[in-house]
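Read the structure below first, then the notes.
The values are calculated or read from the model by the stated rules, or taken from the named source; none is laboratory data. All values reported here derive from a predicted model rather than from experimental measurement. Cβ sites come from the backbone with ideal geometry, for glycine too, and all protein chains shown count toward neighbours. Note: areas computed on protein heavy atoms with side chains; ligands, DNA, RNA excluded. Shrake-Rupley method; radii C 1.70, N 1.55, O 1.52, S 1.80 Å.
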Amino acid sequence: MQLPGIIINSDRKIVITRRLPASGEVLVKRGQQVEALDVIARTEQPSRYRVIDVARQLARPNIDMDRVMLKAEGDTVKANEAIAIRGGFLRRIVRAPVEGHIAAIGSGWVLLETERTTVELQAFINGTVTRIIPERGAIIESSGAMIQAACGFGGEAYGSLKRLVDRPSDLLPPETIGENVKNTILLGGRTVDEETLRLAEEAQVRGIIVGSIDASLLNLDPPVRVRVVATEGFGDLPMSPYTFGILATTLGGKEIAIRGVTPILSSTTGKRTPTDPPIIVSTSRRRRSGRTAALSLGDTSREEIRPGHRVRILRGELLGASGVVDSIPSEPQRLEAGLLVPIAKIKIDNVVYDIPWANLEQVN
Amino acid sequence: MTEATINSILAVECGTVSTSAALIEMVDDEFRLTATGETGSTYDSPWQDITIGVVAAVRQIEKATNRILLAPGGWPFTPQSNKRQGVDAFVIVSSAGKPLQMTLIGLMQDISLASAHRAAATTYTATGNVISLDAALDSLSGGASTNGAHSAETRIQTLQQGQHDVILLVGGTDGGAERPVIEMANILSMAMRVLPEADRPVIIYAGNSHVREQVSDILDWTGTFKTVDNVCPVLDRENPVPIQTELESLYFQQKMFPLPGFEKLSNWSRYSVLPAGKSFKKLIAYLGQHHNLNVIGVNLGSGSTVVSTQVGDQHSTLIRSDAGIGHSLAALLRAVPIDKFHRWLPWSITPAELHNYLLNKSLHPTTLPVTYEDLMIEYAVAREAIRLVRDQIQARWSSQPAIGQQFGQWNLVVAAGRILTRAPHPAHVAMVLLDAVEPWGITSLALDISSTANMLGAIAAVQPVAAVQLAIRDSFLNLGTVIAPKGHGIYGQTALKIKVRLQNDEFDISPEAEENDFSEEIDIPYGSIKVLPLPSGQKATVEMRPTRYFDIGLGQPGRGAVADVEGGILGIIIDARGRPLRLPARDEQRHELLGQWLSNLDITYAASGNNY
């Protein structure tokens, strides 16, 4: 039997796809070494428009636009500049109400783009560009640690990881947030509250990693500028000791990148939003020859689950906990809820638990 | 093969979470369900091939029946070559995959847009944005963002930033409004001009047919433009079929066929794959029309909830892809306030804790409830998903006063979906149905215990007799008969008196039924639920005398009746909690009542002490 997988790994070859939200310019070449904060692609997205009703202003409902337009699509116009004209006895001129450039010309109308926003895409990891995605971005390879998280908010951040708690079940103490945390990513334990987040924002903390977040933090007003990643989920859950161990020992003090997002929520808004998963990545600046197989998001092992394999629990009191498969009974077992389902026996800290097969994922 | 030569059918259903298979064969001149198999769906990681799950489910059937159904390559042997090998027909239904993301553009929210929304809701679509000339469209979009009465610039921006596979442009009856339709087409054209070609969605025009050519002139350049007949040709008549056909075809092209392995699977059958919602709709329409019953079917899935009704010759089906209890739970949480889920839980938990819990469930939608509390939370979600869709269907019926009056007075409630069919006790299912559907009068409850409800419509398309015989004999578990008066009174005071007389002319009275003393008239107090055991197959005559505030569906409150009812696995359930159902606002009182109702149905509430 197989299971869906999650990546929690301290040293593997990593492949990341970086993609602009719209067509733009790719600034790197195949084979190029990049660092996490390097801008690898850029685009300008229209953020405001004005519609100019040329037909109405020229008092001609079925006007031939080719005959009256003085400007073409893509032209830049200044405020008050003439864009269309109707000659003859009753000469009329249509002028641009504001500065902009002409995005589209339709039958009787002109769409003037009045504002653009520049979107820059950073590399996110240190590594080598192995493929260019024309006009959109690139695929970057490296090696290091990758931890797939459960949820988060705020977006991406990069900085050195600073541990502020001793145990994965500890709360992030507000008093530890002082001047020495500026531009860092904090490793908290269990969870973080709004007060601590505001303090972190004031101290110019770039990001926070915790076990869980309360759903109310997703809609803070005003929004907090600190990026937050939760490794286990929503609520008040401790971080898995396994994940905490990798973060605290392998990555402590190192430069890491985090992505605080919750794709299940952004996909319900009806808006075009990125659906890349929340992750924590640490890659070395030095180039290394990777002997291990490449690991990219979405990759999962197709291996049959056997005793000794590491798994993560997805529901119930042990949500987020990681353990190893002790045995796989051949007969289904009845849960407290009354359901008769296939289970696996999972050992966590020398205690064996019966966990429904459906509530497990394989740790890759 | 012709109907006459089809004597064995293998049917499979590929759902968002699970894949099931059923073998139907001729046994003693009758089609019977011989065996079923079920496994997890495998279109996603790590399998990435939908046929792996199909093969695994069919292998279970092969093992159980000691037959060979699949060739070494995985596809079914058809037709049946001998008693032990192959089947005559292989049919597929599916609800796997994501819904079509749709944006609706129109003029008036309660006319053409409402018609378009109703037409689109019969297939797996999710309405993201609604753009109209008049006000917001909350009631239709179920929490989706709305953009009524905005400037052209705002509309362009919404269209440009929107996530949509299809944009449906409607508006104007035939010969009606023209200029606003052209204006909307122009806005849409402008928005498409600034979208990269690869990001342009399909645009379907189903508005005023008199301006179809002009609209085509404006939008044809996009390369993705199509027209169909007006969805609302005259004010009091809708024409939903052309839109439904077009959307269904798009759903297949854009959502089903790209699923890993789906094309291979569809090539294994000579019959078209049927969307599960459409197959379920056919079943409910058949049950209503053939047996002359008012029927409501509820089908709870991980990605969507389907409610289908048949009242007389009127049919209505609604598929909400934002009301599933797993994969679309996050969307359901946007459409339904958390307090509504919270009110069904008989223990203390804060709405914030419940919200966090449900978000975790939506992160891992295929997980199973472990504790009793997990189970109760799943059923709270099930209740609200059904209620959301039921309310929307009820709003449709209310526009037809003659039929609208009958809404809720169902003869039969059919329940399907894994969350219900795998319930540890049938009483859980009955409680969910009573709370969510709120049937009143006299109603039978049927549970799709064989998980074949979604397949029956597809089976009927190749062998109608098999579908009919399966529906009658094997597909459903009769949970029992509900007697539920409408109205309200004072808690504890009599709502109705009931006298039950067993009919023993055809059946032996079962020991359980005999143990009950049915000779006396029973007082049923308002606010209570009572169960009278009456096993499946046994019949009884029930004499009902409601008090003056309660109506059991005979025209006016207080009017009594005598009716013949049939037993079921639960028996006769007398639900005297009143209709519409009211839950106490105070937590302690509500918890006590919810616990009491569960124990009346023989479900003992046993807290495991979990904290969420």
**Paramagnetic reach from residue B:257 in region B:193-232 [backbone N under 19 Å; point 7 Å along Cα→Cβ]** = B:198-204, B:223-227
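Starting from region A:55-159, pick out the chymotrypsin sites (Phe, Trp or Tyr not before Pro) whose DSSP state is loop and whose Cβ has at most 15 other Cβ atoms within 10 Å.
Those that pass, being in a loop and sparsely packed, are A:89.
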**Fill in**
Between residue B:83 and residue A:345, the FRET efficiency computed from the C-beta separation at R0 = 56 Å comes out, to the nearest 0.05, as 0.85
**Complete:** If the chain between residue B:472 and residue B:536 were fully extended at 0.36 nm per residue, the gain over the current Cα-Cα distance would be 21.7 nm
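Could you give the accessible area per residue of the protein assembly as shown, probe 1.4 Å, as a whole number in Å²? If you can, show how the numbers build up before the last one.
Details: 39720 Å² over 976 residues.
With all protein chains present, the protein assembly as shown gives 41 Å² per residue.
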**Complete:** Rounded to two decimals, the Rg over Rh value of chain B from Cα coordinates and the Kirkwood Rh reads 0.98
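How many Cβ atoms of partner chains, on average, are near each residue of A:233-241 if near means within 10 Å of its Cβ? Spell out each step's value before the answer.
Details: counts 7, 11, 9, 4, 2, 0, 0, 0, 0.
Counting other chains' Cβ atoms within 10 Å and averaging over A:233-241 gives 4.
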**Fill in**
Ignoring ligands and nucleic acids, residue A:8 exposes an accessible area, probe 1.4 Å, in Å² to the nearest 10, of 10
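Only Cα pairs under 8 Å and at least 6 apart count here; give the relative contact order of chain B as a rounded whole percent. Walk me through the intermediate numbers first.
Working: 1359 pairs, mean separation 67.3, N = 612.
For chain B, the relative contact order is 11 percent.
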**Complete:** Any trypsin sites (Lys or Arg not before Pro) in region B:1-104 that lie in a DSSP loop and have at most 16 other Cβ atoms within 10 Å would be B:83, B:84
**Fill in**
Under 5 Å from the placed amide H of residue A:44, counting only residues 5+ away or on other chains, we find A:119
**Prompt:** Where in region B:473-487 does the label zone of residue B:563 land, with the point 7 angstrom along Cα→C-beta and an amide N cut-off under 19 Å?
**Reply:** B:478-487
**Request:** Search the structure for amide H atoms under 5 Å from the amide H of residue B:122, placed 1.01 Å from N in the peptide plane, and list their residues when 5 or more places away or on another chain.
**Result:** B:319
**Fill in**
Protection proxy (average C-beta count within 10 Å per residue), highest first, orders A:275-282, B:432-439 as B:432-439, A:275-282
**Message:** Check which residues have an amide H placed less than 5 Å from residue B:528's amide H, if you skip close sequence neighbours.
**Reply:** B:576, B:577
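Counting only other chains, and only Cβ atoms inside 10 Å, what mean value do you get across the residues of A:104-113? Walk me through the numbers on the way to the answer.
Details: counts 7, 2, 9, 7, 3, 6, 1, 10, 1, 1.
Per residue, the number of nearby Cβ atoms from other chains is 5 on average.
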**Request:** Enter the accessible area of residue A:95 (Å², nearest 10), with the probe set to 1.4 Å and all protein chains included.
**Result:** 110
**Message:** Could you work out the percent of alpha carbon pairs in region B:143-294 separated by over 25 Å, rounded to a whole number?
**Reply:** 44
**Request:** Hey, for a label at residue A:120 modelled as a point 7 Å past Cα toward Cβ, could you say which residues of region A:27-56 have their backbone N under 15 Å away?
**Result:** A:27-28, A:35-45
**Request:** Mind putting together the pair-distance distribution for chain A? All Cα pairs, 20 Å bins, whole percent per bin, short to long.
**Result:** 25, 44, 22, 9, 1
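Which of the peptides B:183-191, B:539-547 is most tightly packed, and how do the rest follow, going by the mean number of other Cβ atoms within 10 Å of each residue? Please list the in-between numbers first.
On the way: B:183-191: 24.1, B:539-547: 19.2.
So the order, starting with the most tightly packed, is B:183-191, B:539-547.
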**Prompt:** Roughly how many nanometres apart are two label points built 7 Å out from the Cα toward the Cβ at residue B:501 and residue A:91?
**Reply:** 10.2
**Complete:** The ³J(HN,Hα) series, computed from each phi in region B:227-234 with the Karplus coefficients 6.51, -1.76 and 1.60 at θ = phi - 60°, rounded to the nearest Hz and given as x for glycine or proline, is 10, 9, 4, 4, 6, 9, x, 10
**Message:** Suppose accessible area is computed on protein heavy atoms with a 1.4 Å probe; arrange B:255, A:162 from highest to lowest.
**Reply:** A:162, B:255
**Prompt:** What residues in region B:359-374 lose 30 Å² or more of accessible surface when the other protein chains are added to their chain alone (1.4 Å probe)?
**Reply:** B:359, B:360, B:363, B:364, B:367, B:368, B:369, B:370
**Prompt:** Stretched out fully, how many nm does the piece from residue B:588 to residue B:267 gain, at 0.36 nm a residue minus the Cα gap?
**Reply:** 109.8 nm
**Complete:** Buried accessible surface, B vs A, both sides, probe 1.4 Å, in Å² to 100, equals 4500
**Item:** Distance in nm between pseudo-label sites at residue A:44 and residue B:334 (7 Å out along the Cβ direction from Cα)
**Value:** 3.2
**Prompt:** For region B:241-327, what's the radius of gyration and Dmax over Cα atoms, in angstrom?
**Reply:** 14.7, 42
**Prompt:** What does the average come to when, for each residue of peptide A:339-352, you count the partner chain Cβ atoms lying within 10 Å of its Cβ?
**Reply:** 1
**Prompt:** Where does each of B:443, B:366, B:158 land when they are ordered by accessible area, with a 1.4 Å probe and the largest first?
**Reply:** B:366, B:158, B:443
**Area of residue B:209 that stays accessible when all protein chains are in place (1.4 Å probe, Å², to 10)** = 40
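Quick one: ranking A:179, A:156 by accessible area, 1.4 Å probe, largest first, what do you get? Write down the numbers at each step before the final one.
On the way: A:179 175, A:156 70 Å².
Solvent-accessible surface, decreasing: A:179, A:156.
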**Prompt:** What FRET efficiency do you get for residue A:65 and residue B:174 if R0 is 35 Å and r is their Cβ-Cβ distance, rounded to the nearest 0.05?
**Reply:** 0.75
**Request:** Work out how much length residue B:48 to residue B:60 would gain on full extension: take 0.36 nm times their residue separation and subtract the Cα-Cα distance, in nm to one decimal.
**Result:** 2.2 nm
